[in-house]
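J.: If you scroll down you'll find the structure; I have some questions about it.
The values are calculated or read from the model by the stated rules, or taken from the named source; none is laboratory data. From a predicted model like this one, the values you see are computed outputs, not experimental measurements. With ideal geometry, Cβ positions are generated from the backbone for all residues, glycine too; neighbour counts draw on all protein chains shown.
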Amino acid sequence: MKKMGFLVLVFFMGFLVTSFRVTQGIDEAGRAVVKAYKAGAKEKAPYLYNKSRGYREISSILASEADDVGSKVFAIRTMNAASKAITASFVEEEELTPIDDLPKVEKKEGMTFEVINLKEIKTKLDFIRGNKGLKCAPAELGRAEAFYDALVYEFRKEEPNTALLLRFYNEVNTESKVAESKLRVAMSNELECYTGKKITARKPSEEEEVRKEEVVEADQVEEKPEEQEVRVDIGEEEAEREPQLIEEPLKITARIHFDFDRYNIRREYIPILNEVVKTLKENEYVKVRIEGFTDIIGSKEYNVKLAQKRAKTVKNYLVKHGIPEDKIEIVGFGKERFIASNENSIGRLTNRRVEFIVIKLKEE
């Protein structure tokens, strides 16, 4: 009975630690979306803003399914899209961001993939993306792309979750249909978002102008005095100054963990590292600091070196996959800044980690 109680306690502690790690990432993703909203991205960059919101929702969904890695992957994507939305809000111009390639899917017994046609979805998104969908249906396109990426992510698993597949499919299918409908209306009616040409009002005929004057005279409208123009001399230098982007780093703590006394990267964390690579490649001015940590076991000197090796190994992975070394800083802290108890194996595993900290977002 005591053994059973101990096992339940260990399981419960492990659940709390995992929940802490996941929810922290979700909270940080949420703060990134809020920053984008405060920068005016909802109106000025609706495509990127809604894509970041979609990614944040997906991160929460995967967390609820105990997919720690997937939740972190989409938390990083949230930060990426939100930071781009902030930049786009300042320049008031959005650009399409990449979507994932189609995965190679093998049908397995007991799985109902027939309902979902990924190729058809990708074809529809490509049509919308290639035909001014960014201008005519930005919010719907952004959300559709986010859930398409989630669908691809789930399909790539060895054992995809059927319920999640259908949930993601329903979202991307609904949003893409609305986006396509808006786009076709814009195309058939030659709306400004599609043609790029402003629709000018028809010039009134002479007869209409005469009638308008007669109505004004009949109503005896009293003319308002002209408002005086108030001018403030701010100087030529101030007048010509363009709005500057204010550097305010968005932080997503993406963590990977290590076995005891090891610094090799565990296979399960490769998707997170790949997402970091993708983010750094897509954001020219984003740099990261990689911080290495250990648990409490061992001497201070040894653990500092071990923490440095962990950070170095992760840096080598990023460099190997095309990230310039000058975009990466590393530091090893060793046995300090613990985020969990060292009294049990689960807590010590949580402390044996590497974290990525965004240290620079943009520069002028």
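J.: Out of the residues in segment 63-90 that are among the charged types (D, E, K, R) and assigned to a loop (DSSP other than H, G, I, E, B), state the one that is surrounded by the most Cβ atoms within 10 Å (Cβ to Cβ).
T.: The selected residue is Asp67.
J.: Among the residues of segment 102-119, is there at least one that is farther than 18 Å from Ser52 by Cα, under 20 Å from the mean Cα position of the chain (by Cα) and in a helix (DSSP H, G or I)?
T.: No: zero hits.
J.: Cβ-Cβ distance below 8 Å, separation of 6 or more or different chains: which pairs start in segment 314-338 with a residue that is on the phi > 0 side of the Ramachandran plot and end on one that is of a type outside the set (Lys, Arg) and assigned to a helix (DSSP H, G or I)?
T.: So the pair list comes out as Gly322/Val277; Gly334/Asn303; Gly334/Val304; Gly334/Leu306; Gly334/Ala307.
J.: Right, Glu291: acidic (Asp, Glu), touching a Phe, Trp or Tyr at 6+ places or on another chain (Cβ under 9 Å) and under 22 Å from Ile270 (Cα atoms) or not?
T.: yes
J.: Could I ask something else about it? Ser71: in the same structural domain as Thr174 (by TED's automatic domain parsing), within 21 Å of Arg353 (Cα to Cα) and among the hydroxyl-bearing types (Ser, Thr, Tyr), yes or no?
T.: Yes, satisfied.
J.: When residues of segment 303-330 are filtered for being polar (S, T, N, Q) and closer than 8 Å to Gly292 by Cβ, how many remain? Break it down stepwise before answering.
T.: Our first condition is that a residue be polar (S, T, N, Q); within segment 303-330, this holds for 303, 308, 313, 316.
Now restrict to residues that are closer than 8 Å to Gly292 by Cβ: 308.
The qualifying residues number 1.
J.: For segment 135-147, what are the residues that are touching a Leu at 6+ places or on another chain (Cβ under 6 Å) and assigned to a helix (DSSP H, G or I)?
T.: Matches in segment 135-147: Cys136 only.
J.: Take Ser52 and decide whether it is under 20 Å from Val172 (Cβ atoms) and either in contact with a Ser or Thr (Cβ under 8 Å, 6 or more places away or on another chain) or at pLDDT below 90 (or both). Working first, answer last.
T.: Values: under 20 Å from Val172 (Cβ atoms): yes; either in contact with a Ser or Thr (Cβ under 8 Å, 6 or more places away or on another chain) or at pLDDT below 90 (or both): yes.
For Ser52, the condition - under 20 Å from Val172 (Cβ atoms) and either in contact with a Ser or Thr (Cβ under 8 Å, 6 or more places away or on another chain) or at pLDDT below 90 (or both) - is met.
J.: Output the number of the condition that Glu238 fails; it satisfies all remaining conditions of (1) outside any loop (DSSP other than H, G, I, E, B); (2) modelled with pLDDT of 90 or more.
T.: So the condition that Glu238 fails would be (2).
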